[in-house]
Amino acid sequence: MSAGRSKQKPIKPTDLSETDPARTLESVEKDFHTIFDCVPAAIWYRDRKGIILQANRCAADLVGMSVEDLIGKNYYDLFPDGAEKALEKDLQVILSGQPMYKQLRKYVTADQQIRWTLADRIPYLDENGEAAGVIVMARDITEQKAAEEQLDLANQQIDAATRQLRAAADRTRVLAEEAVAANRTKSEFLAHMSHELRTPMNSILGFSDLLREEPLSDQQQQYVQNIFNSANTLLVLINDLLDFSKIEAGTLNIEILPCRPAEMVQEIRDLLEPPAREKGLQLQVDCSPDLPDSFFTDPMRLRQCLVNLVSNAIKFTQQGHVIIRVYVQQRAGQDRIRIDVEDTGIGIEPAKQELIFDSFVQADASVCRQYGGMGLGLTIARRLAGLLGGHIELVSQPGQGSTFSIILPQFVEANQTSSISSRQDPSEPVEPDDRHIGCIGKVLLIENKTPSQIQTNLLLRRAGLDVQIVNNAADAFERLRQEPAQVVLINLDEVDEAKKLAAQLHNQDERLPIIAVTDDTSRKVADQFKIAGCNAVLVEPVSRGHLYETIRSFLIVQTSASSASAPLSSRKRRSHPFNEAESMEALLEKLPTLMEEMMEFYSRSDFEMLSRFAKVLMELGTSCQRKTLVGKARQLHDCLANQAIQPDELQRHVEELNELCLQISLGR
């Protein structure tokens, strides 16, 4: 057998009757033509001049003619469009005696259709073995060619779409960077505005609070009360804007502490009962007997959510009641703390119930005109509930009132007993006022803002404290050298200057209590003050009760048994050998921060960052020998590794990991 097409010998006509003498030439020719016409390829015989000697039916069909019309005609005359190239190739095969294979050709048929063929040319030899012409065998690949063209067109469209997607991705990246920059600028602007607004607001609130206790006429008392109420309202708006900005930027910090739910709702009732009473509403509290004495959450943020919901309920209720119910609820096999705020107010249409949680949106423009507000309260409440590991639910009907519910995970200490009657601990200090702070002492006030100086001086002196005021660090050290103080209160415009002064005072006398007052609400600044040596950090505007209680706690320590000072002086001298258990505890202290950041990326559906957090938590669990943490983190990582991520499954893994980390951080 031939090893390849290049070695195939040219076809030479053979008298088939010689192989079988019994067969007649007529029968042989008949069989030949039958086979010839049945071959699924166009076959032409033509001589050196292009005269068609023979053609099968497939060839005739291919060009839209009959076999009889083709035989004897000049091929180059019948198909002039490709005659020149066809002649060139035919002569090349005839003269060289070598076949040519797979020659692509496009031509137009007699009925003006465009066809494509893939042709093979083989020399046609006469009786003497001389090349008398060429045999052309062609396969019709028109449909294949059309498919290839469609494929090429599709590829071009895909390439164009890919380029557009890349361009869109680039534009999206640029827009995202611009959005991040704009969000950062917005946050910086709001933080700056908060700083600029809080300083005068602190003076307005402080002086109006002082004026309320002065002997004034009824009309003057009303004026002062209006100033105080308006300042508080403005302060709420400022705080809402700042909190909203921090939530949007992902910089709002959550601090998990013990929280007494029964006490909290009673405090909220006491706080908001006056405006409810003015409208003739009953503000009630209903706490379940099964409620734990305390559970772990961020009390300040939970209180913020509840005050917002209860205030809204009072605002939108004209008659009837507002009830705060607190009880334990079982969900998915886990105990939850559920707090319902039920009102008999105007209610909300079902179609608008989701809308009210959007930023700067209220259910109806007429509601905004009638009741006021920026439409941020419910947005902040929902986001805060999410950061606490819970969520908010709403049930409402127009004209029949609404029930907003906060559902939070219940993390309690082991063997904790529930007792509503014991929620008020008589041993706990009552918030003092200027008539019974409970102790005396000398306070050094380092402050360079005149209005605030006067206000703080009046507040502290009314509490029976000896107050010395200086404006800068040099005067502070000189005054302390001449006359020691029991407590130092630092309130300077420049935060860096205040931190530097606190560090210098702490290095000079680490037993001296230092309280920093700042208008920066970030945890970062508070931590920096504590690292510098401050024992407490207060955020302006500071309420009188909070200020008194903080100073009182340090004055009581100062006047307690002398042995209490020994641990303070010995801490600095104590050596710190490496302790593996303490090292592991230091690692576990990072869990709340890690989970807070991880939940933020989960809310943004950033699966890549979630996967990284899962790996970090796996490593942390391995280092601290926490097999459960390793297992939960691995489950989340495996879920994210799946190409088809199931949202419900992902949410379950994230929530389980979040709850486990909170339990570890609280129980370690």
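All of the numbers you see were taken from the coordinates with simple rules; none came from a lab. Since the structure is predicted, the reported quantities are computational estimates derived from the model, not experimental observations. Quick reminder, even Gly has a Cβ in these numbers, built from the backbone with ideal geometry, and neighbours come from all protein chains shown.
Descriptive notes on the structure:
- FRET efficiency for VAL39 and GLN157, using Cβ-Cβ distance with R0 set to 41 Å, rounded to 0.05: 0.60
- Under Karplus coefficients 6.51, -1.76 and 1.60, residue-wise ³J(HN,Hα) of the range 226-243 in Hz, glycine/proline x: 4, 4, 4, 5, 5, 5, 5, 4, 5, 5, 4, 5, 4, 5, 4, 4, 5, 5
- Distance from the range 497-548 to the range 381-411 (C-alpha centre basis), Å: 35 Å
- Around the amide H of LYS73, modelled in the peptide plane, lie the amide H atoms of ILE52, all under 5 Å away and 5 or more residues distant in sequence or on another chain.
- Sites matching GluC sites (Glu not before Pro) across the range 207-296 that sit in DSSP coil, with at most 15 neighbouring C-beta atoms within 10 Å: GLU213, GLU255
- Relative contact order (%) - the range 9-140, alpha-carbon pairs under 8 angstrom, separation at least six: 28 percent
- Point-to-point label distance, GLU656-ASN472, nm (Cα→Cβ direction, 7 Å offset): 6.3 nm
- Computed over the range 460-548, Kirkwood Rh from alpha-carbon pairs, angstrom: 13.4 Å
- Nearest-0.05 FRET efficiency for ALA169 and ASP126, computed from C-beta distance (R0 56 Å): 0.25
- In this calculation the C-beta distance from GLU608 to ALA146 is compared with R0 = 51 Å, giving a FRET efficiency of 0.75.
- Pairs with C-alpha atoms separated by more than 23 Å, drawn from the list LYS186/LYS499; LYS246/LYS632; LYS49/LYS85; LYS499/LYS524; LYS186/LYS524, are LYS186/LYS499; LYS246/LYS632.
- Two-site label geometry, GLN397 and GLN508: point separation in nm, points 7 Å out along Cα→Cβ: 7.0 nm
- Relative exposure of SER203, SER402, SER217, SER603, judged by other C-beta atoms within 10 Å (fewest first): SER217, SER603, SER203, SER402
- Extension gain, ARG269 back to TYR327 (0.36 nm per residue minus Cα-Cα distance, nm): 19.2 nm
- Karplus-derived HN-Hα couplings along the range 208-224 (A = 6.51, B = -1.76, C = 1.60, θ = phi - 60°), whole Hz, x at Gly and Pro: 5, 5, 5, 5, 4, 9, 7, x, 10, 6, 4, 5, 5, 4, 5, 4, 5
- Of the GluC sites (Glu not before Pro) found in the range 88-156, the ones in coil according to DSSP and having at most 13 other Cβ atoms within 10 Å of their Cβ are GLU127, GLU130.
- Gain upon complete extension [LEU237, LEU216; 0.36 nm per residue less C-alpha separation]: 4.6 nm
- Segment SER522-ARG277, length gained on full extension (0.36 nm per residue, minus Cα span): 84.6 nm
- Fraction of beta bridges assigned by DSSP in the range 245-348 that are antiparallel (%, nearest 5): 70 percent
- Spin-label pair GLU597-GLN319: with each label point 7 Å from Cα along the Cα-Cβ axis, the two points sit 5.6 nm from one another.
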